[in-house]
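Okay, so here's the structure we're looking at.
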Amino acid sequence: MPAAVRAYLAHERVILGTLMVLLLLIAWEGLERGWWADALRPLLGDSAQRLRLKPIFISSPTLIAAAAFRMFFVTGEIWRDLAWSSAGYLLGLVLAVAIGIPLGLAGGWYRRLSYAVQPFLAALNATPQVAFLPLIIIWVGTGLSERVLIIFLLAVLPLAINAHAAVRTTDPRLIKVAGSFGASEWQLFRTIILPSSVPFLLAGLRLAIGRGMIGVVVGEIYGSAAGLGAMINQAGARFQTDRVFVGVLTIVAAGVILVEVVQRIERRVEIWRTPA
Amino acid sequence: MIAKLEAQDVRLDYLQPRSNSQLRALAGIDLKVMDGEFVSIVGPSGCGKTTFLSVVDGLIPASAGRILVDGRVVTKPGPDRAVVFQDASLLPWRTVLGNVRYGLECLKVGAREAKERATHFINLVGLSGFEDHYPYELSGGMQQRVNLARALVVDPKILLMDEPFASLDAQTREVMQEELLQIWLKAKKTVLFVTHQIDEAIYLSDRVIVFSGRPGRVKQSIPVTIERPRRLAVKREAHFHGIEDAIWSLIEEDVRAERNQVTLT
Ligand SMILES: Nc1ncnc2c1ncn2[C@@H]1O[C@H](COP(=O)(O)OP(=O)(O)OP(=O)(O)O)[C@@H](O)[C@H]1O
Ligand SMILES: [Mg+2]
């Protein structure tokens, strides 16, 4: 096998992924600059002009990069939005973890509690939670608590549901082992239920991270003074497409980084798993 | 003299939630095991051997009848009994050392002492050097030896062993059998040992209990009068084969009866 092919195969995942992203960026840039319209004109005639899109409509990678550079390093305006949104996001997520996981674990453990909260969880699960936004605003007004609440509402379900499932699917043989050694209920929970739940809990956290991001955007639609969501909304209303993209991509990047962190923790915690 | 362990007319019905009916697994087991006695249970698959051990351990409450240890009724697991489970049932997120130490943690034994005792039994079952390995890194036989060490380490007076050597190769099995006899002799334990291997039951035991097919009953109790210490060579003596044949024919009856039932229905 030639060395070049070997080098390609060794990094196939990275190379293919990067290549696809690059292709997309070039195609996009070409739409805004009219490269494709010019190139295809001899073939398609005037209808090729449809491939020339207005920057206000589609923006372009270079325009977005320029806007991002301005917003991050020249005016620095985005840092305030970032801090503002992060505060609400982290509070909402922490609250969801602090309530959702214990609630789910307890529900999996105590059958009665599970019966009691089941109707609420089922209803909440079946509704798009953003439908509660008007109610939340009526109750707490717009502001930090509104944003925290909607993020909490979005993030709490996967955490609670996964924690619940984790307890219910604990290997009964291991529960027997604990019982045989006379483990107390607390010991059973700490030595069997909790460790076997960890993979479920981390998977739930990954889902919650993504869903919480929805809350960042919708929570800032109404009357928010700052924040990435508000910035996206305002820029959108003024057709500042490049700014909209900067906001969206910043949220995407934050989500990807957080999920990556959780995945690292997962790999750390699960060294005892049979490598697939 | 009161028995170390006694089962009085122990019955067990499993509730089958899907059909909401009862499945009778044990139909009145009467059994006395004396202090320091080594008793094996053999019987056709599904006759309730594992179920019986679980009832004796206190993991499953008997539907009727009772279990006595030293003349006292027991209803839940205690440090006087420990089980070597049929499937190793190791905690996959714990290393060998962590698994063996598990019972001691439940008994709140100090970390230092727990580690010492655990290490001793890990050596005893021939796994020194594997203390920091996770169960998925061990062969089936090695996992089973961890299972054995985990039960031994809490120093129970009564050992309940459910086919502990079933997944071992022939050589390791014989080594383990001898180890077990040594431990039993030295530590004066009372052992209830379930196995499918009749020669293993005879070689190890003072008495072999033959269970009938499901629902389980004590069909016969056969004393093994071979003198101890027993060398491996006794397995080739005529007397040994005599007992083996007697047990075989007892079990065979039930296996045949069950198969006929299946073909009839
Ligand atoms: N948890 C359970 N729920 C319902 N029925 C059960 C349960 N466990 C076992 N049984 C039934 O009880 C009977 C006895 O099972 P048990 O596991 O005690 O048999 P065994 O003698 O140990 O068999 P083997 O030699 O194959 O291990 C079987 O017919 C089985 O179907
Ligand atoms: Mg069994």
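The values are calculated or read from the model by the stated rules, or taken from the named source; none is laboratory data. Here the structure is a predicted model, which means the values were calculated and not measured. Please note: Cβ atoms are built from the backbone with ideal geometry, for glycine as well, and neighbour counts cover all protein chains shown. Surface accessibility is based on the protein's heavy atoms, side chains included, excluding ligands, DNA and RNA. Shrake-Rupley method; radii C 1.70, N 1.55, O 1.52, S 1.80 Å.
Based on what the data block shows, is A:R70 surrounded by 15 or more Cβ atoms within 10 Å (Cβ to Cβ), of a type in the set (K, R) and modelled with pLDDT under 90?
No: the conditions fail for A:R70.
In the range A:230-247, is there at least one residue being within 29 Å of A:I99 (Cα to Cα), at pLDDT below 95, of a type outside the set (A, V, I, L, M, F, W, C) and assigned to a helix (DSSP H, G or I)?
No, the range A:230-247 contains no residue that is within 29 Å of A:I99 (Cα to Cα), at pLDDT below 95, of a type outside the set (A, V, I, L, M, F, W, C) and assigned to a helix (DSSP H, G or I).
What are the residues in the range A:130-187 that are open to solvent by less than 20 Å² (accessible area, probe 1.4 Å), β-branched (V, I, T), within 12 Å of chain B (Cβ to nearest Cβ) and in contact with a helix residue (DSSP H, G or I) (Cβ under 7 Å, 6 or more places away or on another chain), if any?
A:T170
Could you say which residue among B:P156, B:P164, B:P135 is touching a residue at least 40 places away in the same chain (Cβ under 8 Å) and either of a type in the set (K, R) or under 25 Å from B:L232 (Cα atoms) (or both)? Outline the logic, then answer.
On the way: B:P156 fails: either of a type in the set (K, R) or under 25 Å from B:L232 (Cα atoms) (or both); B:P135 fails: either of a type in the set (K, R) or under 25 Å from B:L232 (Cα atoms) (or both).
Among B:P156, B:P164, B:P135, only B:P164 is touching a residue at least 40 places away in the same chain (Cβ under 8 Å) and either of a type in the set (K, R) or under 25 Å from B:L232 (Cα atoms) (or both).
Could you run through the range B:105-126 and say how many residues are under 21 Å from the mean Cα position of the chain (by Cα) and modelled with pLDDT of 90 or more?
Filtering the range B:105-126 for residues under 21 Å from the mean Cα position of the chain (by Cα) gives B:118, B:121-122, B:124-126.
Then keep just the ones that are modelled with pLDDT of 90 or more; that gives B:118, B:121-122.
Count: 3.
Being out of contact with any strand residue (DSSP E or B) (no Cβ under 6 Å at 6 or more places or on another chain), within 7 Å of ligand 1 (Cβ to nearest atom) and not charged (D, E, K, R) narrows it down to one of B:S21, B:S54, B:S45, so name that one.
Selected residue: B:S45, the only one of B:S21, B:S54, B:S45 that is out of contact with any strand residue (DSSP E or B) (no Cβ under 6 Å at 6 or more places or on another chain), within 7 Å of ligand 1 (Cβ to nearest atom) and not charged (D, E, K, R).
Criterion first (within 23 Å of B:L181 (Cβ to Cβ) and more than 16 Å from ligand 1 (Cβ to nearest atom)) does B:G103 satisfy it?
Considered against the rule, which asks whether it is within 23 Å of B:L181 (Cβ to Cβ) and more than 16 Å from ligand 1 (Cβ to nearest atom), B:G103 comes out as yes.
In the range B:185-238, how many residues are touching a Ser or Thr at 6+ places or on another chain (Cβ under 9 Å), at pLDDT below 90 and more than 16 Å from ligand 2 (Cβ to nearest atom)?
Count: 0.
From the set of residues in the range A:236-274 that are within 14 Å of another protein chain (Cβ to nearest Cβ) and among the acidic types (D, E), which is farthest from the chain's Cα centre (by Cα)?
A:E270
Is it true that A:F57 is assigned to a helix (DSSP H, G or I), open to solvent by 70 Å² or more (accessible area, probe 1.4 Å) and not small (G, A, S)?
yes
Scan the range B:39-52 for residues that are buried (at least 24 other Cβ atoms within 10 Å of the Cβ) and within 11 Å of ligand 2 (Cβ to nearest atom) and report the count.
The total comes to 6.
Hey, any hits in the range B:58-70 for a residue that's touching a residue at least 24 places away in the same chain (Cβ under 8 Å), farther than 13 Å from B:L12 by Cβ, among the hydrophobic types (A, V, I, L, M, F, W, C) and within 16 Å of ligand 2 (Cβ to nearest atom)?
No, the range B:58-70 contains no residue that is touching a residue at least 24 places away in the same chain (Cβ under 8 Å), farther than 13 Å from B:L12 by Cβ, among the hydrophobic types (A, V, I, L, M, F, W, C) and within 16 Å of ligand 2 (Cβ to nearest atom).
Restricting to the range B:84-94, and then to whatever is open to solvent by 10 Å² or more (accessible area, probe 1.4 Å) and facing chain A (nearest Cβ under 8 Å), can you tell me which residue is nearest to B:D162 (Cα to Cα)?
B:F85
To keep it simple, each residue is scored yes or no on (1) within 14 Å of another protein chain (Cβ to nearest Cβ); (2) within 16 Å of ligand 1 (Cβ to nearest atom).
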site	(1), (2)
B:I158	yes, no
B:M161	yes, yes
B:T172	no, no
B:Q177	no, no
B:K186	no, no
B:H196	no, yes
B:Y203	no, no
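I'm checking my understanding of the structure. Among residues of the range B:53-83 that are among the acidic types (D, E) and open to solvent by 20 Å² or more (accessible area, probe 1.4 Å), which one is nearest to the other protein chains (Cβ to nearest Cβ)?
This residue is B:D80.
Checking the conditions here, which among B:S19, B:S54 is of a type in the set (S, T, N, Q) and closer than 19 Å to A:S180 by Cβ?
Values: B:S19 fails: closer than 19 Å to A:S180 by Cβ.
Being of a type in the set (S, T, N, Q) and closer than 19 Å to A:S180 by Cβ holds for just one of B:S19, B:S54, which is B:S54.
Mind telling me which of the residues A:A122, A:A98, A:A106, A:A116 ends up being surrounded by fewer than 12 Cβ atoms within 10 Å (Cβ to Cβ), aliphatic (A, V, I, L, M), within 30 Å of A:Q187 (Cα to Cα) and without any contact (Cβ under 8 Å) to a residue 12 or more places away in the chain?
Going through A:A122, A:A98, A:A106, A:A116 in turn, just one is surrounded by fewer than 12 Cβ atoms within 10 Å (Cβ to Cβ), aliphatic (A, V, I, L, M), within 30 Å of A:Q187 (Cα to Cα) and without any contact (Cβ under 8 Å) to a residue 12 or more places away in the chain: A:A116.
Where in the range B:141-229 are the strands (runs of 3 or more DSSP E), entirely inside, with at least 3 residues that are over 13 Å from the mean Cα position of the chain (by Cα) and surrounded by fewer than 20 Cβ atoms within 10 Å (Cβ to Cβ)?
B:218-223
Matching residues to (1) over 30 Å from A:V248 (Cβ atoms); (2) among the aromatic types (F, W, Y):
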| residue | (1), (2) |
| --- | --- |
| A:D46 | yes, no |
| A:S59 | no, no |
| A:A65 | no, no |
| A:S85 | no, no |
| A:I99 | no, no |
| A:W109 | yes, yes |
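Given the criterion part of a helix (DSSP H, G or I) and either farther than 22 Å from A:G219 by Cβ or over 23 Å from the mean Cα position of the chain (by Cα) (or both), identify the matching residue among A:G104, A:G88, A:G100.
Values: A:G88 fails: either farther than 22 Å from A:G219 by Cβ or over 23 Å from the mean Cα position of the chain (by Cα) (or both); A:G100 fails: either farther than 22 Å from A:G219 by Cβ or over 23 Å from the mean Cα position of the chain (by Cα) (or both).
Testing whether each residue is part of a helix (DSSP H, G or I) and either farther than 22 Å from A:G219 by Cβ or over 23 Å from the mean Cα position of the chain (by Cα) (or both) leaves just A:G104.
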